[in-house]
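> One structure coming up, written as structure tokens, with questions to follow.
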Amino acid sequence: MELNIGERRKRVLDESVDVHFKDIRKSFGDAQVLKGINLEIRRGEFFSLLGPSGCGKTTLLRILAGFEFADSGAVLLRGQDVAPLAPNQRSVNTVFQNYALFPHMTVSENVAFGLKMRKVPAAQIKDKVMSALEMVEIAAFADRRPAQLSGGQRQRVALARAIVNEPQVLLLDEPLSALDRKLRVNLQVELMRLQARLGLTFIFVTHDQEEALTMSDRIAVMNKGVIEQLGGVQEMYERPSNAYVAKFLGSSNLLEGTVTAPNTVKTILGELEVRDHLPAVGKDVLLSIRPEKIQLSKAQNTAQNTVAVSVTDDIYQGATGAYRVKTTIGFELEVNTMNSGVTDSDYEVGDQLYAHLPANLMVVLQGNSRLDPDALEGK
Amino acid sequence: MMTKKPKLEAAGGELLTPRQLLTRAAATAGAGIVWIALFLVLPMLILFGYSFLTRDELGNAVFPLTIDNYVRFAGWDVLGYDAAYLIIVGRTILVSLVTTFFCVLIAYPLAFFIAAHKPQVRDRLMIFVIVPSWVNLVIRTYAWMIMFNPSSPITQLAVSLGIVKPNEGLYPSDFAVYLGMVNVFLPFIVLPLYSAVERIDWSQLEAAQDLYATKTQAFFQVLVPQTLPGLTAGIILTAIPALGMFVVPDLLGGAKVALIGNSIAQQFGSSRDYPFGAAISFLVMGLTLLVLWLYARRVGEKGMRDLL
Amino acid sequence: MFWVFFLGGMTILFLAWHFGLRRSQVRKASLPLSITSFFAFAFLYAPILVVAVMSFNNSRFRLDWAGFTTKWYAKIFGDESVTGGLEGAQLLAATQNTLVLAIISTAIATVIGSLLGYGLHRYRFPGSKLVAWLMYIPVVTPDIVMAISLLLLYQVLRNILPFFEPGMPSMIIAHVTFQIAFVAIVVRSRLATLDPALEEAARDLYASPLETVRQVVLPLALPGVMAGALLAFTLSIDDFVISFFTSGPESQTLPILIYASVKRGITPDINALSTIIVLLTMIGVFLSQILQRNQKD
């Protein structure tokens, strides 16, 4: 049953909650790794925990799996507190970052392991293992040892080994990070298809925001032990809630300004019209606009929200072009364009252009209304 | 919802309470720890205690406690000062250092030579280095006795060169002892040294030359320092056991080259002065423990692995 | 003369060595390096070869070459007609003692030592660092000090339990003591190379703690345990000093027998005996090394 990826996005998810993290706190020695995480993950959804290394995402996953214990807070799996359960008593399976395949067992034996431990009858094991191997398209290697497989193949075995047990929730700890780009992209699509087909709840940990955006239904962006923002993929990308998310999920141009009228903000680029919900007149705001939303043109443009700029950097990226442009005052903007073949949009360093920032595409960020370089770096 | 007290984590996917941890540790390592405590630690303590006992006329070790044994070792005996034992200590240290020196001298080129070959050949060469070390010490030393016997071709060559008088063998002598010692301890230095040489990053040689160093400079200033941990381990594995060696000086040195090991053996053999023997042993043991402790402090737990 | 043959042979051997190894060199090894290494190997193997050669010498008392013979080997394997040297019964008893001692002590030490290595690797209990350090004492300490301390221990314990008279039990205990340290170190080393995620994966896949050990840890640690056992066995067979000081009149081992014979005067069948021991030792070492190399999974 092939599922069109687009259709996958539109499928209606069961509203019931599979995993509930309640105010989870965890420290390792003096370092506070999780500072009060509240999170509900719905049944059947592909959920990603996204953040830089050290933000606590893997720790959260391990607490659910049972390899770490939260200092305070509770974890509920389908309503049941998992705290008294050892890892081997939880209906949760993990795909480890380095696969952790048993080197002394064949692929089949690896995949059969969980079933064997749960005393599933031998005949059933054989069938289940076969169908799991076929589902990840690795049946041909059933009798090989992990050492004889490539990275991508081992990945699939790790996946098969986990899903064959039909867990309530599947945890994936950066499973694709060790693979090269092309392979990774292919496996991303496969994982999505697999998840839709099986209907399992996936909790996916990654530091790669592109990966999270591609695969997930919802994302939680984590930073230094807290969740910065939580929501659907599109919502989070188009409307980041604070500067950190704006900069972490894709790239962003950030502008400080002060509200001068209900729809106007005075910034270093002049008075800009902003359609998004602004605070009261006189208050400070932080605005964000994505590089691909800014429109460049050679022709003179006197419309509202347009600035004169000159190109300072021009990076050819094949399908896209990344430009750095500077205004007359010296303020820099990042702009991305599509390489659609229109010669007019092929700019060079030194070109004098006009940059238009559409009023409806400027986003008002919550949190600090002034730029804090440390906060942006996640310090 | 209240949660239980935080638990300890032990590697391997298990969360254990402190009590569980101790139970499991006792179940596994417990027997070994008890054994070591009883048959390794306790004897060392007894050794220490014994060294303060007195020897009576019958040769038994009795109270009262005294430091006479140590005093005697330092040279002050009933008959005045005689630094005999200190001289023996000095000689032993000298032999140990010279042995170590020659072992290092031979081991370095050997290690680099082996490391220059491809992996399978390297491994095989190393096995060939190790094999002699597992042959019985007595047998190997005895072989030198054969080779240095008056009627052997080697001795006869020495005679014709005038180094040795006719009808005398090349042993018993200092030379024979040194040779025998180096023969015994050479593999002990090669092993850790080779491990270190094997791990050298040879690209650093090129990097150094790129930064204007000559080949020799690069070799000695960049590569050789990397072998230092292995060298240190090897020196410890040679110099310390060499201090206590008694078979080699006994068989190849006879009475002329008595080392501290021989003195100790004597106290437990013909002289039957156990407390005195214990005192000497304890001094050697103390030195060993000191070196081991300092080494452990320097290299940490991971570094200790170089020793085996 | 002897020297002509000898030097000629050495030159040929060296040429074979030098040019034979050239082909498998990843980096070029200079001539001086090759010469030094050749002599180092020759130096290491000289004693072994000498003993082997002499074992075929048809001479009862002297070291001059008196013709080729295999009678000393025959004697060791039971031929009573050969005169000179050791008593057959003595030899048999010593061999028996050596093997019994080695087998029993290795068995005990492998079990206790492996468990110790595992416990130290897995559980961070108070004092584990100290114990880990203690394990290196038998590795570095001169044999004679170990021997003496055990001797004195037995002296003291003898007053409490007559069990500790000089003899086989005392020797077994002494051997096990240093063997445990070596086994524990080797096993621990091997366990350290295992990916900790493997045990977590097993738990994740519903294995109980015991099953995790049985299904995952043990199979992967086994090469280490075997290597440790082999090491322990070789150490025991080889040991002279510790055995010497803890043995009784009935429990002479082969190394002790050889030493006593050597002190008394050179006996020709010692050469044959030694050569046999050397061969067996070599086989043992090769096996152990192959096992250790197989650790590189």
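The values are calculated or read from the model by the stated rules, or taken from the named source; none is laboratory data. Quantities reported herein were computed from a predicted structural model and do not represent experimental measurements. We place every Cβ from the backbone using ideal geometry, glycine too, and count neighbours over all the protein chains shown. Accessible surface is based on the protein model in full, side chains and every heavy atom, while ligands, DNA and RNA are left aside. Shrake-Rupley method; radii C 1.70, N 1.55, O 1.52, S 1.80 Å.
> State yes or no: is residue C:220 of a type outside the set (Gly, Ala, Ser), in a loop (DSSP other than H, G, I, E, B) and either within 11 Å of chain B (Cβ to nearest Cβ) or in contact (Cβ under 8 Å) with a residue 24 or more places away in the chain (or both)?
no
> Please state which one of C:151, C:130, C:115, C:92 is outside any loop (DSSP other than H, G, I, E, B), at pLDDT 90 or above and under 24 Å from residue C:258 (Cα atoms).
C:151
> Sort through A:106, A:59 and tell me the only one that's within 14 Å of chain C (Cβ to nearest Cβ) and either farther than 15 Å from residue C:200 by Cα or free of Cβ contacts under 8 Å to residues at least 12 places away in the same chain (or both).
Unique residue meeting the criteria: A:106.
> Continuing with this model, one more query. Select from region C:109-137 the residues that are more than 7 Å from every other protein chain (Cβ to nearest Cβ) and within 13 Å of residue B:41 (Cα to Cα) and write down the one among them that is surrounded by the most Cβ atoms within 10 Å (Cβ to Cβ).
C:135
> Another question, then. So which residues in region A:98-126 are of a type in the set (S, T, N, Q) and open to solvent by 70 Å² or more (accessible area, probe 1.4 Å), if there are any at all?
Residues satisfying the conditions are A:98, A:124.
> Moving on to the next point. What do you reckon, is residue A:64 open to solvent by less than 30 Å² (accessible area, probe 1.4 Å) and within 26 Å of the chain's Cα centre (by Cα)?
It is true that residue A:64 is open to solvent by less than 30 Å² (accessible area, probe 1.4 Å) and within 26 Å of the chain's Cα centre (by Cα).
> Mind checking whether some residue in region C:252-270 is open to solvent by 10 Å² or more (accessible area, probe 1.4 Å), in a helix (DSSP H, G or I) and either aromatic (Phe, Trp, Tyr) or on the phi > 0 side of the Ramachandran plot (or both)?
yes
> Let me ask something else about it. Can you name the number of the only condition in (1) open to solvent by less than 10 Å² (accessible area, probe 1.4 Å); (2) modelled with pLDDT of 85 or more; (3) not polar (S, T, N, Q) that residue B:228 fails?
Of everything listed in (1) open to solvent by less than 10 Å² (accessible area, probe 1.4 Å); (2) modelled with pLDDT of 85 or more; (3) not polar (S, T, N, Q), residue B:228 misses just condition (1).
> Quick check on this structure: which one of B:151, B:173 is more than 16 Å from residue C:44 (Cβ to Cβ) and either out of contact with any Asp or Glu (no Cβ under 8 Å at 6 or more places or on another chain) or more than 10 Å from chain C (Cβ to nearest Cβ) (or both)?
B:173
> Can you list the helices (runs of 4 or more DSSP H) lying wholly within region A:157-273 that have 1 or more residues being of a type in the set (Gly, Ala, Ser) and open to solvent by 30 Å² or more (accessible area, probe 1.4 Å)?
In region A:157-273, there are no helices (runs of 4 or more DSSP H) which contain 1 or more residues that are of a type in the set (Gly, Ala, Ser) and open to solvent by 30 Å² or more (accessible area, probe 1.4 Å).
> Mind counting the residues in region C:41-52 that are at the interface with chain B (Cβ under 7 Å from one of its Cβ atoms) and either touching a residue at least 60 places away in the same chain (Cβ under 8 Å) or open to solvent by 50 Å² or more (accessible area, probe 1.4 Å) (or both)?
Of the residues in region C:41-52, 2 are at the interface with chain B (Cβ under 7 Å from one of its Cβ atoms) and either touching a residue at least 60 places away in the same chain (Cβ under 8 Å) or open to solvent by 50 Å² or more (accessible area, probe 1.4 Å) (or both).
> Looking at region B:55-88 only, could you name the residues that are among the hydroxyl-bearing types (Ser, Thr, Tyr), open to solvent by 40 Å² or more (accessible area, probe 1.4 Å) and at pLDDT 80 or above?
Scanning region B:55-88 gives B:70, B:85.
> Given the conditions (1) at the interface with chain B (Cβ under 10 Å from one of its Cβ atoms); (2) of a type in the set (D, E, K, R); (3) under 19 Å from residue C:93 (Cα atoms), and given that residue C:203 satisfies all but one, which numbered condition is not satisfied?
(3)
> Still on this structure: Within region C:203-243, how many residues turn out to be open to solvent by 10 Å² or more (accessible area, probe 1.4 Å), among the polar types (S, T, N, Q) and farther than 30 Å from residue C:154 by Cβ?
Total satisfying the criteria: 2.
> Same structure again: Suppose we keep only residues that are in a helix (DSSP H, G or I) and in contact with a helix residue (DSSP H, G or I) (Cβ under 7 Å, 6 or more places away or on another chain) within region C:22-40. Which one would you say is surrounded by the most Cβ atoms within 10 Å (Cβ to Cβ)?
Per the stated criteria, the residue is C:37.
> Test of understanding: among C:52, C:16, C:66, C:46, which residue is farther than 17 Å from residue B:143 by Cα and in a helix (DSSP H, G or I)?
C:16
> Out of the residues in region B:268-293 that are open to solvent by 10 Å² or more (accessible area, probe 1.4 Å) and within 8 Å of chain C (Cβ to nearest Cβ), which is nearest to residue B:57 (Cα to Cα)?
B:274
> Return the only residue of A:152, A:73 being open to solvent by less than 50 Å² (accessible area, probe 1.4 Å), outside any helix (DSSP H, G or I) and more than 23 Å from residue C:211 (Cα to Cα).
A:73
> Let me ask something else about it. Pairs under 6 Å by beta carbon, first residue farther than 14 Å from residue B:189 by Cβ and more than 7 Å from every other protein chain (Cβ to nearest Cβ) in region B:106-130, partner part of a helix (DSSP H, G or I) and open to solvent by 20 Å² or more (accessible area, probe 1.4 Å), six or more apart or different chains?
B:115/B:198
> Restricting the search to region B:89-137, which residues are out of contact with any Phe, Trp or Tyr (no Cβ under 9 Å at 6 or more places or on another chain), among the hydrophobic types (A, V, I, L, M, F, W, C) and open to solvent by 40 Å² or more (accessible area, probe 1.4 Å)?
B:93, B:94, B:97, B:101, B:105, B:134 - these are the residues of region B:89-137 that are out of contact with any Phe, Trp or Tyr (no Cβ under 9 Å at 6 or more places or on another chain), among the hydrophobic types (A, V, I, L, M, F, W, C) and open to solvent by 40 Å² or more (accessible area, probe 1.4 Å).
> What tally of residues in region A:28-60 results from selecting those that are farther than 22 Å from residue A:244 by Cα and open to solvent by less than 40 Å² (accessible area, probe 1.4 Å)?
The total comes to 4.
> Here's something else I'd like to know. When you go through C:34, C:59, C:24 one by one, which is the residue that is modelled with pLDDT of 85 or more and within 14 Å of chain B (Cβ to nearest Cβ)?
So the residue among C:34, C:59, C:24 that is modelled with pLDDT of 85 or more and within 14 Å of chain B (Cβ to nearest Cβ) is C:34.
> Okay, moving on. If residue B:216 meets every condition in (1) in a helix (DSSP H, G or I); (2) within 12 Å of chain C (Cβ to nearest Cβ); (3) among the β-branched types (Val, Ile, Thr) apart from one, which number is that one?
Unmet condition: (2).
> On the basis of being open to solvent by 40 Å² or more (accessible area, probe 1.4 Å), within 11 Å of another protein chain (Cβ to nearest Cβ), over 16 Å from the mean Cα position of the chain (by Cα) and over 30 Å from residue B:142 (Cβ atoms), does residue B:301 make the cut?
yes
> Need at least 2 residues that are crowded, with 17+ Cβ neighbours inside 10 Å and in contact with a Ser or Thr (Cβ under 7 Å, 6 or more places away or on another chain) per element, so show me which strands (runs of 3 or more DSSP E) inside region A:283-334 make the cut, counting only ones lying wholly within it.
So the answer is A:284-289, A:306-316, A:320-327.
> Being open to solvent by 10 Å² or more (accessible area, probe 1.4 Å) and more than 7 Å from every other protein chain (Cβ to nearest Cβ) is the filter here, so list the residues in region C:152-161 that pass it.
Once the filter is applied, which keeps residues that are open to solvent by 10 Å² or more (accessible area, probe 1.4 Å) and more than 7 Å from every other protein chain (Cβ to nearest Cβ), region C:152-161 yields C:155, C:157, C:158, C:159, C:160, C:161.
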